[in-house]
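Enquirer: Supplied in structure tokens, the structure appears directly below.
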Amino acid sequence: MGKLLGEGGFGGCYVVQKRSTGVWRAVKILVKNTPEAQEEAYAEFAVMSQLDHSNISKVYELYEDDASTYIVTDLYKEGDLFDLVETKKRLNEYDTAQVVCFLDVFCLDFVGLLFLFLSICSLN
């Protein structure tokens, strides 16, 4: 594993390099401490793999072992929205418009995917 990018209650995110291609990616490691955690990892992968937007990290693969689930995503070297706000302290009109447009598109996509996910779950 490479550099730790961040961590939370369910695991961490690291920089990795695919040996066969040399491409740099991020891998999110989610600990399987409960059956619910494992299901949440599958659900996250299912939802994120359906999204296709330039401002949303692309999800490539899911791996797992007995202890953890690994989700491979794009690596963004410029950081995330929080990093942008922290660095600039104030966003100009253009940056603010970009954020608002992203949130608008993301929220519409998320609501649609949430509806789809809940519809699929209700069939089971």
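Enquirer: Filter the range 1-22 for residues that are loosely packed, with under 13 Cβ neighbours inside 10 Å and in a loop (DSSP other than H, G, I, E, B) and give the result.
Expert: Met1, Lys3, Gly9, Lys18, Arg19, Ser20, Thr21, Gly22
Enquirer: Can I ask one more? Out of (1) among the basic types (Lys, Arg); (2) outside the structural domain of Leu4 (by TED's automatic domain parsing); (3) modelled with pLDDT of 85 or more, the odd one out for Lys89 is which?
Expert: (3)
The values are calculated or read from the model by the stated rules, or taken from the named source; none is laboratory data. Keep in mind it's a predicted model, so treat the numbers as computed, not measured. Glycine gets a Cβ as well: all are built from the backbone with ideal geometry, and neighbour counts include every protein chain shown.
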